[in-house]
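Have a look at the structure below, then the notes.
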Amino acid sequence: MRRQKREVKVGNVVLGGNHPVAVQTMLNVPARDVEGNVRQAVQVAEAGCQILRFSVPTLEDVRLIPAIKQAVDIPLVADIHFDYRIALECVAAGIDKVRINPGNIGDDSRVRQVVQACRAKNIPIRIGVNAGSLEKEVLAKYGAPVPEALVESAMYHVRLLEKHDFNDIVISIKSSNVPTMMQAYRLLSDQCDYPLHVGVTEAGTYRMGLIKSGMGIGGLLLEGIGDTLRVSLTDEPVKEVQAGFDILRAAGHAVGGPEIISCPTCGRTNIAVAAIADEVEKRLQGYKKPVKVAVMGCIVNGPGEAREADIGIAGGKDEALLFIRGEKVRMLRGDIVGQLVDEVYKL
Ligand code: SF4
């Protein structure tokens, strides 16, 4: 059961309530390279990214906002550290959300200015707490970045905004340690009704990053926690977007597009399952409707093992049995992948 959170609007995407969990990523091109950022923004938007964040380290980099806005039609988030003037400029330039920790920008008058600017344009603020950058006092109190310390830090920043009656807040509370991150989100979710941006920070390179994110983000989603997610990978942002949707799918969320179910293969395997599954996945990349497509290695067990698939093939000798919603349809010979993909489009 999804934990109900207050609704917060980020551009044309609503977080919280029963709204779909939004997939985000962050650009990783140097901020000074406007063209490179725009190019990457277009790539991730084409991959289905629903909220897009990028760093705005200096006032000059605010120029990224109009440039990216012109190229893609998804809400943009400016990632700002320490300098409240950059936040003000980003708001003026049309940003849709600001990620800034109010406790890091100086005195209360600065916080008030940022809050006023955001409020005037209905722009939410994301507070992002990371295990690696906890306040000295919090760290001293707990001795280590334990879940309780992360929550205390997040609530400290939250209160600085609430003091100004500002509640258009989204919170993240990340750690690279999966059990810590999961427990921190659970505690935080019990304490407030702000939508949560879930993720494992510094999750690592592709392989380990996928595993940690699948466990951490996926585990929380199964507990009903999480309103938007980012998979952090030391890799291309497009892969983060794809992984985000795959985690949502695996957690049972309604996500459009194909889900490939393929068997691990064994001594009974009759066809090149891995190559066929890869090729089917590639050819169905632009397919938008939700569909489960199975590629199974043998006729004896395949259709049964892929019972939950909408459509699939099971390998015979130089041929494959096509089955649709559990019913055997016909044998495919020759271009098996091509025929299977055609059948998916006919569904
Ligand atoms: S579907 Fe057939 S080939 Fe694939 S793992 Fe199962 S028994 Fe083996």
The range 299-328: number of residues that are open to solvent by less than 10 Å² (accessible area, probe 1.4 Å) and in contact with a Gly (Cβ under 6 Å, 6 or more places away or on another chain): 4
Residue list for the range 144-194, restricted to those being of a type in the set (Gly, Ala, Ser) and under 21 Å from the mean Cα position of the chain (by Cα): Ala154, Ser172, Ser175, Ser176, Ala184, Ser189
Residue among Gly252, Gly257, Gly244, Gly286 that alone is surrounded by 19 or more Cβ atoms within 10 Å (Cβ to Cβ), away from the ligand (no atom under 14 Å from the Cβ) and closer than 30 Å to Gly199 by Cβ: Gly244
Residues of the range 67-77 that turn out to be open to solvent by less than 10 Å² (accessible area, probe 1.4 Å) and assigned to a helix (DSSP H, G or I), as a count: 1
Residue identified as in contact with a strand residue (DSSP E or B) (Cβ under 9 Å, 6 or more places away or on another chain) and either crowded, with 24+ Cβ neighbours inside 10 Å or in contact (Cβ under 8 Å) with a residue 24 or more places away in the chain (or both) among Arg126, Arg110, Arg85: Arg126
Single unsatisfied condition, Glu202 versus (1) on the phi < 0 side of the Ramachandran plot; (2) more than 16 Å from the ligand (Cβ to nearest atom); (3) of a type outside the set (A, V, I, L, M): (1)
Test: residue in the range 54-66 that is farther than 17 Å from Lys121 by Cβ, open to solvent by 40 Å² or more (accessible area, probe 1.4 Å), of a type in the set (A, V, I, L, M, F, W, C) and over 22 Å from the mean Cα position of the chain (by Cα): yes
Long-range neighbours under 6 Å by Cβ, at least six apart or interchain, first residue among the acidic types (Asp, Glu) within the range 286-310, second open to solvent by less than 60 Å² (accessible area, probe 1.4 Å) and more than 7 Å from the ligand (Cβ to nearest atom): Asp310/Val291
Residues within the range 289-298 that are within 16 Å of the ligand (Cβ to nearest atom) and either in contact with a Ser or Thr (Cβ under 8 Å, 6 or more places away or on another chain) or open to solvent by 60 Å² or more (accessible area, probe 1.4 Å) (or both), tallied: 6
Residue tally, condition near the ligand (Cβ under 8 Å from one of its atoms) and either at negative phi or assigned to a helix (DSSP H, G or I) (or both), over the range 260-283: 8
Test for Val42: is it in a strand (DSSP E or B) and at pLDDT 95 or above: no
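The values are calculated or read from the model by the stated rules, or taken from the named source; none is laboratory data. Because the structure is a prediction, the values reported are computed rather than measured. Here the Cβ is made from the backbone with ideal geometry for all residues, glycine too, and neighbour counts use every protein chain on show. Remember, those area values only see protein heavy atoms, side chains included, never the ligands or the DNA or RNA. Shrake-Rupley method; radii C 1.70, N 1.55, O 1.52, S 1.80 Å.
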